[in-house]
Number of protein chains: 4
Amino acid sequence: MPVRKPNFEPPFNIVRASHVEFGVRDLARARAFYVDCLGLIPSDDDNEALYLRGVEERNHHSIVLRRSRVPEIRALGFKLASEEDLDRAATWFTRHNLPTSFPDVPFQGRTLRTADVFGMPLDFYYRMDQSESLLQKYAAYKGARIQRIDHINCFTPDVQASYDFYSELGFRLTEYTETDDRDPQLWAVWMHRKGNVHDLAFTNGNGPRLHHIGLWTASALDILHICDVMATSGYVTNMERGPGRHGISNAFFLYIRDPDSHRIELFTSDYLTVDPDLQPIRWSLRDPQRQTLWGQPAPKSWFEEGSAFAGVPLAEPALAAQPIVAR
Amino acid sequence: MPVRKPNFEPPFNIVRASHVEFGVRDLARARAFYVDCLGLIPSDDDNEALYLRGVEERNHHSIVLRRSRVPEIRALGFKLASEEDLDRAATWFTRHNLPTSFPDVPFQGRTLRTADVFGMPLDFYYRMDQSESLLQKYAAYKGARIQRIDHINCFTPDVQASYDFYSELGFRLTEYTETDDRDPQLWAVWMHRKGNVHDLAFTNGNGPRLHHIGLWTASALDILHICDVMATSGYVTNMERGPGRHGISNAFFLYIRDPDSHRIELFTSDYLTVDPDLQPIRWSLRDPQRQTLWGQPAPKSWFEEGSAFAGVPLAEPALAAQPIVAR
Amino acid sequence: MPVRKPNFEPPFNIVRASHVEFGVRDLARARAFYVDCLGLIPSDDDNEALYLRGVEERNHHSIVLRRSRVPEIRALGFKLASEEDLDRAATWFTRHNLPTSFPDVPFQGRTLRTADVFGMPLDFYYRMDQSESLLQKYAAYKGARIQRIDHINCFTPDVQASYDFYSELGFRLTEYTETDDRDPQLWAVWMHRKGNVHDLAFTNGNGPRLHHIGLWTASALDILHICDVMATSGYVTNMERGPGRHGISNAFFLYIRDPDSHRIELFTSDYLTVDPDLQPIRWSLRDPQRQTLWGQPAPKSWFEEGSAFAGVPLAEPALAAQPIVAR
Amino acid sequence: MPVRKPNFEPPFNIVRASHVEFGVRDLARARAFYVDCLGLIPSDDDNEALYLRGVEERNHHSIVLRRSRVPEIRALGFKLASEEDLDRAATWFTRHNLPTSFPDVPFQGRTLRTADVFGMPLDFYYRMDQSESLLQKYAAYKGARIQRIDHINCFTPDVQASYDFYSELGFRLTEYTETDDRDPQLWAVWMHRKGNVHDLAFTNGNGPRLHHIGLWTASALDILHICDVMATSGYVTNMERGPGRHGISNAFFLYIRDPDSHRIELFTSDYLTVDPDLQPIRWSLRDPQRQTLWGQPAPKSWFEEGSAFAGVPLAEPALAAQPIVAR
């Protein structure tokens, strides 16, 4: 793939990936997983939804668990730099014939609800209610001691098209996977706004679907500890992959599944990407160290399963290349 | 000092230092410190006493907090290898004209209560009620994630005499501090039974008094975390010294004071000492890296303050050498 | 202090603090410290200078050690987003009657050499030769396993003036210290461009002088390890303060002095600051947990000693408030 | 299985597992692996053999690499408490019609060479040349920062017979695996002398063969780091299993294979086992958390491959039960 030049002057200024809303079938069961086991902090709570944040976060929430008949994803939230950016975003999406609305969203200011070319739901806003940071209330650190949301990773039926779309919005490529064909095809991309490896990533697959969200911890030992906790408190089968070191991003990781099968990555220690002359790193789809530096392949479920977006139809990918899958 | 040959055939077989009983003035306040903050596991609890253990321990308790008018130490507990060893111990102490009795002690089998030549109270027993090990119940890990008791450290008015006494009982010297005089005087000794640096240590000072007990954690990061917790939950002034790396023992440590000023050391990563040909390590009292490998001196309180044993008179040490003290 | 609104539309786009040049009296001695002990990677080397980088860095260097008759600082380097920003910077400094020149600087593209209102030397550039990242060449990790430069911290005789100057250039305030006067005076500020706590900080004092540069490590354990290494390889007296947890920034830290007394901070685990509505955190100069969350005061040297900028005259600060200093 | 009472009065006093001798086909290649990659310390070196130790060890060596036409194991070394114990051992083995000789062995005192009932070679000795401990020479810490040898693990064709044999010699059972039959059969045993989970373990399989030796590190992070190093310096296929947490022993582990396919375990954080009333822990062969607390099964090679003892014939095990194997 010819790597595109980053768009340093995007139509509006996205600061970072900031929150997601999960539809879950049983709020009490989800709370047991996210709060009692993982240690996320409840910011608010009613019969219909539970709002969660990490110990560092001042934004009111980074995860919303909402009671739902079926497991699904309701929104992917991105913070903008200002209210002017919000208006510029609305103009841009309207001009591109994509749906726009301004629903009332609890705990946050004016919110633009729209979608990308595949129908993937996007919420843009610039102001959220602020909660107390618990970063220096260490007695509140529990479970995996999760600090903050780091990124959102999605399946797309056309990685090239998703890459083109989000590049235009100013997301910058840091790493990518392509096939080894004479005319290489993009298999996956990692793109950022906030200055580390990614805010948003796409992998080739039946989509659009959410693959996972990544949550940041301060230390690899926090990730080892939550493995020990999950393995000995009834969640051993919720551990899907890892822990391990990624080739891509160099981060230390663990993938887990919540009781509705939504996938969460615990993630730490990637690298700084703010330099304008940063060259994206290319990985071959056939490189076994791409997924896990130590060589272990990801399981089949990891390539096939994801969370549907509420009401969004799925498409099969055109690209049929085959990653390395654990038997 | 001429180092004594270890006594490989002691009069009875002491397995390890196993528990202490602290007199505390306010059980609720002590519980807040030991359970809510440090994360020790309550094994039993009544109006008069709280019994605690670390996550690894199967012995019913390693710390007893007993309601008391004044802060004081009631007992230092050592586990013996068998009931025969208990009888041999009684014989030995009787023969040495030291007091012996067999009080009923909750949660443990036949117990010999005696004292050393300075009146330091000693409880010997060979069987304690066994509790469930929580070593693989990781959801129970809280606070400093304390695994087990490691050692007992006391002030003595005569280190040479204490060293001689406990050597005869089979404690083996691993490290010691002496003055730089032409005729060097012992300032401190570290002695073990269980195979690491110490079960019992003595330092020159007004005594006998308990200097501290050491509690084992799995990682230095557990110790850094409890620093963060204590510093942000009302216990910042309970942190007396450290964290740091000891010269002696090479362990990573933190010294804290409980609400009754009893001193606790969190301690990890010393070394194996089972070899019969292990040569004790000599330290000069004037070596600044003896206390802390990184050079920081201990505060004055650390050299002067300790917990009295109930009803045991104190004596000033004959040796007046001066350690390096922080101003 | 009334906190200023961040300048989201600065006159030119500074990406981050990227490198410093230290004048050192003995290159071999400096190399032993920085390469053999700390483990920085030599990128280039001649009779006059040694160029160093962390394992993550693709920029050719983040530290230049240059042979010098006296210890001093030659340049503070900041990366800009583009060549257009470089020209805009030149225009801006010229318009503000500050000195500008475009010296040839090895290994980097066009470079604007200028100074702030106190004469503090600044190098702006937008392109540096790129070296291989060793982030995934783990066999190259040595010593403190330093990943990258994080920040630059300076003494200024007028924190308010320095804050005003760099605010106009788009640096955003994250934390600050002020006196408890009825009319509070700024004592120190932490300001960032790259999205964590700081690229540039100022403390009240005889200045301008460099206080320290901060180097990022992946784990607090890397910092504990370099303490152990320094303490046992002839550098124990080069350890000035810490290790510990900062109140400000929440980072885990160690301050060390190089053989020319230049101060280096090893630093890890602060937090994300990209949100436009992030509220700066205020600290009182009299808060003992400001410097070290665990309560230990910094030593006198830490408040008084720094590295002069070559040829730049010093001024005493107007503000005479007194921080908490270890005796 | 009815658990046997420990033999607290063994015929001679074995202190611990202390060293092994590996036959390797290419000394330079082995040195690159053990010294350059893993970071073991060379104690001595000639054309025929390389002697290695961990940073803590004062014994001259814990691993001997000896040039050999084929990969094989020459000796398993156990330290005794005294010379009298050596003579008692010779008497005991002679009385049991097992071979005894007293070969000259470099760097150690009088050595009894003998074998167990399956022909597994055993070297007993009580004194080895002492080397400088590098425990506080932190600049010498490289690679996995290995501290010391921890244990020896072997395949045996009859676990019950091996358990009986070594129980009589005073090894104490800490954990065991058995089948779920009405008449359960022993599948594996972990037995200790030095006070943690094991000095010697046996697993059912074609034997006798060495399964692996375990080397102790101070932290799980040291094990994660060596994964990163091996994966990026040409040793990725030498990583056989892990890293992970064992169910049995609760230790954090990584299994690797040297260039001659000898298996090494990096191992840390098990627990104290000195109590005479310690009850062994039973595991079912069908419990998936037995091998890895987090649920991952071991690969086929882990159950099938091992290192033959020089000149010792192999036997197939009578017990044909099937462990859980990764596909």
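So the values come out like this:
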quantity: Among (1) more than 10 Å from every other protein chain (Cβ to nearest Cβ); (2) outside any loop (DSSP other than H, G, I, E, B), the one test that residue B:318 misses; calculated: (2)
quantity: One residue from C:282, C:290, C:286 being outside any loop (DSSP other than H, G, I, E, B), surrounded by fewer than 19 Cβ atoms within 10 Å (Cβ to Cβ) and charged (D, E, K, R); calculated: C:282
quantity: Matching residues, the range D:270-279, being buried (at least 19 other Cβ atoms within 10 Å of the Cβ) and without any contact (Cβ under 8 Å) to a residue 24 or more places away in the chain; calculated: D:275
quantity: Whichever residue in the range B:189-215 is within 14 Å of another protein chain (Cβ to nearest Cβ) and part of a loop (DSSP other than H, G, I, E, B) and, among such residues, is farthest from residue B:269 (Cα to Cα); calculated: B:193
quantity: Flag if residue C:29 is out of contact with any strand residue (DSSP E or B) (no Cβ under 7 Å at 6 or more places or on another chain) and basic (Lys, Arg); calculated: yes
quantity: Residues of the range D:126-136 that turn out to be touching a residue at least 60 places away in the same chain (Cβ under 8 Å) and either within 14 Å of chain C (Cβ to nearest Cβ) or within 26 Å of residue D:172 (Cα to Cα) (or both), as a count; calculated: 5
quantity: Out of B:221, B:169, B:200, B:186, sole residue that is farther than 28 Å from residue B:261 by Cα and modelled with pLDDT of 95 or more; calculated: B:169
quantity: The range A:8-25 residues that are without any contact (Cβ under 8 Å) to a residue 60 or more places away in the chain, paired with ones that are charged (D, E, K, R) and surrounded by 21 or more Cβ atoms within 10 Å (Cβ to Cβ) (beta carbon under 9 Å, 6 or more apart); calculated: A:21/A:123
quantity: Residues of the range A:169-188 satisfying the condition of being open to solvent by 20 Å² or more (accessible area, probe 1.4 Å) and either over 20 Å from residue C:133 (Cβ atoms) or part of a loop (DSSP other than H, G, I, E, B) (or both); calculated: A:180, A:181, A:182, A:183, A:184, A:185
quantity: Leading residue by the ranking (nearest to the chain's Cα centre (by Cα)) among those in the range A:262-277 that are within 22 Å of residue D:228 (Cβ to Cβ) and not β-branched (Val, Ile, Thr); calculated: A:265
quantity: Residue match in the range D:145-153 (condition: part of a loop (DSSP other than H, G, I, E, B) and of a type in the set (Asp, Glu)); calculated: no
quantity: Selection count, the range B:235-249, where residues are more than 10 Å from chain C (Cβ to nearest Cβ) and in a loop (DSSP other than H, G, I, E, B); calculated: 4
quantity: Residue among D:252, D:267 that alone is in contact (Cβ under 8 Å) with a residue 40 or more places away in the chain and either touching a helix residue (DSSP H, G or I) at 6+ places or on another chain (Cβ under 9 Å) or more than 25 Å from residue B:272 (Cβ to Cβ) (or both); calculated: D:267
quantity: Conditions (1) farther than 30 Å from residue B:80 by Cα; (2) crowded, with 18+ Cβ neighbours inside 10 Å; (3) modelled with pLDDT of 95 or more; (4) away from chain B (no Cβ under 14 Å); number of the one not met by residue D:53; calculated: (4)
quantity: Check on residue A:249, within 30 Å of residue A:65 (Cβ to Cβ) and modelled with pLDDT of 95 or more; calculated: yes
quantity: Matching strands (runs of 3 or more DSSP E) fully within the range C:1-116 where at least 1 residues are basic (Lys, Arg) and under 22 Å from residue A:278 (Cβ atoms); calculated: C:14-24, C:49-53, C:72-80
quantity: Residues located in the range C:100-121, provided they are open to solvent by 80 Å² or more (accessible area, probe 1.4 Å) and touching a residue at least 40 places away in the same chain (Cβ under 8 Å); calculated: C:117
quantity: Breaking point among (1) within 14 Å of chain B (Cβ to nearest Cβ); (2) out of contact with any helix residue (DSSP H, G or I) (no Cβ under 7 Å at 6 or more places or on another chain), for residue A:277; calculated: (1)
quantity: In the range C:137-161, residue surrounded by the fewest Cβ atoms within 10 Å (Cβ to Cβ) [restricted to those that are away from chain D (no Cβ under 14 Å), aliphatic (A, V, I, L, M) and touching a residue at least 60 places away in the same chain (Cβ under 8 Å)]; calculated: C:152
quantity: Residue under evaluation residue C:24, criteria (1) open to solvent by less than 10 Å² (accessible area, probe 1.4 Å); (2) of a type outside the set (S, T, N, Q); (3) more than 30 Å from residue C:136 (Cα to Cα); (4) within 14 Å of another protein chain (Cβ to nearest Cβ), criterion not met; calculated: (4)
quantity: Extreme residue, surrounded by the fewest Cβ atoms within 10 Å (Cβ to Cβ), among residues of the range B:189-218 that are small (Gly, Ala, Ser) and touching a Gly at 6+ places or on another chain (Cβ under 8 Å); calculated: B:195
quantity: Any hit, the range D:301-314, residues being part of a loop (DSSP other than H, G, I, E, B), crowded, with 20+ Cβ neighbours inside 10 Å and within 20 Å of the chain's Cα centre (by Cα); calculated: yes
quantity: Residue C:97, sole failed condition from (1) open to solvent by less than 30 Å² (accessible area, probe 1.4 Å); (2) at pLDDT 95 or above; calculated: (1)
quantity: Unmet requirement for residue A:323, which otherwise passes all of (1) out of contact with any helix residue (DSSP H, G or I) (no Cβ under 7 Å at 6 or more places or on another chain); (2) at pLDDT below 90; calculated: (1)
quantity: Residue in the range D:235-246 that is open to solvent by 10 Å² or more (accessible area, probe 1.4 Å) and of a type in the set (Gly, Ala, Ser) present; calculated: yes
quantity: Per-region count, the range A:213-261, residues more than 17 Å from the chain's Cα centre (by Cα), farther than 18 Å from residue D:222 by Cα and of a type in the set (A, V, I, L, M); calculated: 6
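Conditions tested, residue by residue: (1) within 14 Å of chain A (Cβ to nearest Cβ); (2) assigned to a helix (DSSP H, G or I); (3) within 22 Å of residue B:290 (Cβ to Cβ).
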site: B:223; (1), (2), (3): yes, yes, yes
site: B:226; (1), (2), (3): yes, yes, no
site: B:233; (1), (2), (3): yes, no, no
site: B:256; (1), (2), (3): no, no, yes
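The values are calculated or read from the model by the stated rules, or taken from the named source; none is laboratory data. Since the model is a prediction, treat every value here as computed from it, not as a measurement. When we count neighbours, we look across all protein chains shown, and the Cβ atoms used for this are built from the backbone with ideal geometry, even at glycine. Accessible surface areas use protein heavy atoms only, side chains included; no ligands, DNA or RNA. Shrake-Rupley method; radii C 1.70, N 1.55, O 1.52, S 1.80 Å.
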